[in-house]
Structures are given as structure tokens and as C-alpha cells.
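I have placed the structure first, in the form of C-alpha cells, so that the comments after it can refer back to it.
Bear in mind these aren't lab numbers, they're just calculated from the coordinates by the rules spelled out. This structure is a prediction, so every number in the text was calculated from the model and none was measured. A quick note on method: Cβ atoms are made from the backbone with ideal geometry, for glycine too, and the neighbour counts reach across all protein chains shown.
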Amino acid sequence: MTEAPKAKTIETRLATAEDLPELEANETDKTKGLSASYLQQQEEGGYYVVVGLVDGKIGGRVILDTRDDDGTPLVPEMKLLWVFPSARRQGLGAAMTQHLEELARELGYEEVFLGVTPDNPAAIPMYVGLGYTPTGDHRSAINLSVIDGEGAGTDDPIEAIFRKSLLVR
């Protein structure tokens, strides 16, 4: 009789400086050096890097940005959700998002915003499934942080804005 495969352990937590080598090892050509920048911004405050782990190994990250210094009214904003290819389809994106939402609640926020480009069609059903709804608003993503992944993306990416109430559970 064969044993059933062991379920993987999914954990989430705030990133630490000790996570940098593992985060950097998963950067793409387009994102080289950004992990260090994200951790530096976290040290400065108002910027939270949540990592997701699969069996103790980092499999992705997402950012909660509570700063209002970028001219956008989207505060707090979920940014740069990235599940490494080796950790996909295991619920890690949802787990990191839920951790981020709980953090936003603890910080006193009643909603979370995010922007998603149409060339990221896999993300939209996940966000909708997690309770995010489109606001009908859009913004240029040209001056935002580099979009993760290896795809070329568009020259003038436009993001659709989604929001989720944190008051309803």
C-alpha cells in the first residue's frame, strides 16, 4: 500500500533581512536588486514585505504599502504579489494576501486596494475569488515598480483598480 503524499506546510510572515539571499535567488532579470530595495523601504516604515513559505522555503512575496507619498489615493495598496514558479498552484498567493489583509486590519484600515494589468489574466480570477471587486477606475502603470516575471508586458500598461472591504469577513 502506498502512502498519500504529505501535504505541504504553508506559512506567511513579515520578511526579515535574513530572507534577502533567498529572495534574491528568485529575482528575474527585470527584478534584479529589487528585493533589497523592498526590505530597505520596510525598514523606513509604512511598507511591509510579506513572504510566503512552502515547507519552510520562501515561495513568494507581496507588499502592503501604507505610505501616501506616491500621489495615488490607493492607501493601503497591495503591490507586487509574486509567487515563484516552483511554488504556484498551492494556495500561497491566497495565504500571503490574507496575511496582508490581516496586517492592514491591525493597522486600522477598512479596505485594501490593488492594481492589475490586463496582461496578468491569471491574477484577476484569484483576486475576485478573494473578494476584490473592480472599482471601474484605471491608472497608468508606467511609473510604478517593475512588473515581476519574465514577460515583456506592454509599453504603456494600464492597471484596473480593485478594492476589498476589510469590514466584512
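A few notes on this one:
- Per-residue ³J(HN,Hα) for region 98-107, Karplus 6.51 cos²θ - 1.76 cosθ + 1.60, θ = phi - 60°, Hz, x for Gly and Pro: 5, 4, 4, 5, 5, 4, 4, 4, 4, 7
- Whole-Hz couplings from phi, Karplus 6.51/-1.76/1.60, listed for region 40-46; x for Gly and Pro: 5, 5, 4, 4, 6, x, x
- Put in order of Cβ neighbour count within 10 Å, fewest first, the listed residues 100, 34 become 34, 100.
- The P(r) of region 1-49 has a tail past 16 Å containing 53 percent of all C-alpha pairs.
- Alpha-carbon gyration tensor eigenvalues x 5, square-rooted, for region 12-85, Å: 21, 13, 12
- Highest-fluctuation residue, 134, 157, 121 considered, GNM on the chain with Cα pairs under 10 Å: 121
- Taking the DSSP beta bridges with both ends in region 10-165, the antiparallel portion is around 95 percent.
- Links that overshoot a 21 Å alpha carbon limit, given the list 32/164; 30/79; 32/79: 32/164
- The loop-placed GluC sites (Glu not before Pro) in region 84-115, going by DSSP, that have at most 13 neighbouring Cβ atoms within 10 Å of their Cβ come out as 110.
- Global geometry of region 59-143, whether rounded, prolate or oblate, following the gyration tensor of its Cα atoms and the 1.5 cut on a/c: oblate
- The coefficient of translational diffusion for region 10-165, derived via Stokes-Einstein from the alpha carbon Kirkwood radius under 10 °C and 1.306 mPa s, stands at 101 µm²/s.
- Fully extending the segment from residue 89 to residue 107, taken as 0.36 nm per residue of separation minus the present Cα-Cα distance, adds 3.5 nm.
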